[in-house]
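Novice: Sharing a structure, written as structure tokens. Questions coming.
Values quoted throughout were computed directly from the atomic coordinates according to the rules given, and no laboratory measurement underlies them. As the structure is a prediction and not an experimental result, all values here were calculated from the model. No Cβ is skipped: glycine too gets one built from the backbone with ideal geometry, and neighbour counts run over all protein chains shown.
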Amino acid sequence: MAKQAINPGEDARKVLVIKLSALGDFVLAMGAMKAVREFHPSAQITLLTTPPFEGFAKACPYFDRIETDGRPKDTRSTTTLLRRLRSEKYDIVYDFQTSGRTSNYFQALRPNPPLWSGIAAGCAFPHTNPERSGMHSIERLGEQLAQAGVGPAEGYPFGGAPMPDLSWIEEALRNPPRLQPQYFSLNGPYALLIPGSSAHREAKRWPEENYIELASWIADQGITPVVIGGKSESPIGNAVIRAEPRAKTLCTRTDLFQVSALGKHATFAVGNDTGPMHMATLSGSPGVALFATSESDPDHARPRGSNVVVVQAETLELVSVPDVLQAIQALGVVPTS
């Protein structure tokens with residue numbers, strides 16, 4: 001990559017970061033968010049996001065203010081948002097959502113928009129790589145930052161883009177008991193089962209009966225299978241514990257901080273292409289990630305961490321339990337039978 005020009009936003013006093021959703025994408029953007037904080041250590045940094053991430057973002061040390069109306073539902077709300085963005089007079093905006101919606105925000109701020117990093121036509125720091133849509137989120141955001149003058153002058157080296165870091169959680173929350181496995185009566189080794197996905201992406205879910213069979217195998221290894229997820233995963237969690245009494249379900253019982261904490265202490269995690277799987281592996285859990293390539297490309301969205309194996313097939317019905325057991329063995333976290 002060619003050497004960058006000096007970033008005229010380097011001395012910015014007011015910075016806006018935009019990241020609206022979804023959970024996995026939000027988590028994968030946290031390395032870029034940290035890089036912005038480090039590049040603008042004295043600036044007031046505001047995050048424009050959506051309500052599901054408000055509590056998590058408020059605890060995060062990268063931001064001074066959190067605004068949650070980034071996806072207004074009507075013309076009046078949109079007008080209110082744009083009026084506020086204009087009046088704030090941000091020195092630079094890092095658009096990590098890079099959607100048509102957020103690019104329209106830039107156009108609406110003309111004729112005197114702030115410096116802007118994103119894909120909006122006419123912005124100061126356009127990420128113009130024609131291959132950007134085929135890049136993993138972490139590398140794509142790293143390159144976007146580099147083109148805005150953030151990071152090494154020569155750009156981030158291959159594999160050197162800013163990685164998400166969730167280690168701030170314990171300190172930010174003062175490590176309360178609810179971040180410990182014992183809070184959930186987990187007093188020995190446990191493995192996380194993460195059977196969720198976006199509600200409208202059922203094809204990204206490994207079949208329920210496979211999770212049940214896997215839970216029994218895990219329990220036979222002396223490890224407690226623990227199902228985590230939201231309300232839509234509760235039926236799977238209940239089915240697992242009915243079939244395998246040694247398992248536990250924590251569906252609807254964990255917030256984002258607790259998902260990260262459980263990942264930090266887990267023996268391993270097995271899950272679909274979903275946000276909590278990203279959080280678990282980035283927090284330290286070895287992981288087996290299940291991908292239906294007809295739905296998503298693991299090269300673009302695979303969980304990152306120090307020890308992650310991807311099992312993929314065109315549809316998840318083609319992924320067998322023995323396939324997953326082999327991947328767990330490859331992690332080196334359970335004895336080979």
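Novice: Based on Cβ point charges of +1 for Lys and Arg and -1 for Asp and Glu, what charge dipole magnitude is obtained for the range 177-331 about its Cα centre, in debye rounded to the nearest 20? Write down the numbers at each step before the final one.
Specialist: Working: 12 positive and 15 negative charges, 146 e Å.
Around 700 debye, computed over the range 177-331.
Novice: With a 10 Å Cβ neighbour count serving as the proxy for reagent exposure, in which order, fewest first, do V310, V334, V15, V27 appear?
Specialist: So the ranking, lowest neighbour count to highest, is V310, V334, V15, V27.
Novice: Taking the Cα centre of the range 14-165 as origin, work out the dipole magnitude from +1 charges on Lys and Arg Cβ and -1 charges on Asp and Glu Cβ, in debye rounded to 20.
Specialist: 640 debye
Novice: Sticking with this one: In whole Å, how far is the Cα centre of the range 239-307 from that of the range 148-218?
Specialist: Cα centres, the range 239-307 to the range 148-218: 5 Å.
Novice: Could you list Y90, Y62 so that the one with the fewest beta carbons within 10 Å of its beta carbon is first and the one with the most is last? List each step's numbers first, then the result.
Specialist: Working: Y90 23, Y62 18.
Ordered by Cβ neighbours within 10 Å, fewest first: Y62, Y90.
Novice: Moving on to the next point. What is the chain's relative contact order, in percent, from Cα pairs under 8 angstrom and six or more apart in sequence? Present the calculation step by step, with values, prior to reporting the outcome.
Specialist: Details: 641 pairs, mean separation 50.2, N = 337.
Worked out over the chain, it gives 15 percent.
Novice: Could you give the dipole magnitude of the chain about its Cα centre, charging the beta-carbon of Lys and Arg +1 and that of Asp and Glu -1, in debye to the nearest 20?
Specialist: In total the dipole reaches around 1200 debye.
Novice: Could you tell me whether the range 177-331 comes out rounded, prolate or oblate from its Cα gyration tensor? Rule is a ≥ b ≥ c as square roots of the eigenvalues, rounded for a/c under 1.5, then prolate if a/b exceeds b/c, otherwise oblate.
Specialist: rounded
Novice: Tell me which of A57, L82, Q144 sits at the most positive position along the dipole axis of the chain, charges placed on C-beta atoms (Lys, Arg +1; Asp, Glu -1).
Specialist: L82
Novice: Let me ask something additional. Could you go through the range 184-194 in sequence order and give the Karplus-derived ³J(HN,Hα) for each residue, using 6.51 cos²θ - 1.76 cosθ + 1.60 with θ = phi - 60°, rounded to whole Hz, and x for Gly and Pro?
Specialist: For the range 184-194, the Karplus curve yields 9, 6, 9, 10, x, x, 9, 10, 8, 10, 10 Hz.
Novice: Follow-up question, since we're still on this one. Once you have the Kirkwood Rh of the chain from its Cα pairs, apply Stokes-Einstein at 10 °C and 1.306 mPa s and quote D in µm²/s.
Specialist: Estimated via Stokes-Einstein, D reaches 76 µm²/s.
Novice: Let me ask something else. If you add up the charges near Q312, with Lys and Arg at +1 and Asp and Glu at -1, over every other residue whose beta carbon is less than 15 angstrom from its beta carbon, what do you get?
Specialist: -4
Novice: Follow-up question, since we're still on this one. Checking the table K14/K34; K58/K248; K34/K264; K34/K204; K204/K231; K19/K264 against a 22 Å threshold on Cα-Cα, which pairs fail? Intermediate values should be presented prior to the final figure.
Specialist: Working: K14/K34 16 Å; K58/K248 30 Å; K34/K264 20 Å; K34/K204 30 Å; K204/K231 17 Å; K19/K264 25 Å.
Checking Cα-Cα distances, K58/K248; K34/K204; K19/K264 exceed 22 Å.
Novice: Lys/Arg Cβ at +1, Asp/Glu Cβ at -1, dipole of the chain taken about the Cα centre: which of G271, P41, V309 is farthest positive-ward?
Specialist: Of the candidates, P41 comes out farthest on the positive side.
Novice: Something else about it: Taking the range 123-192, which GluC sites (Glu not before Pro) meet the DSSP loop condition and have no more than 16 other C-beta atoms within 10 Å?
Specialist: E131, E154
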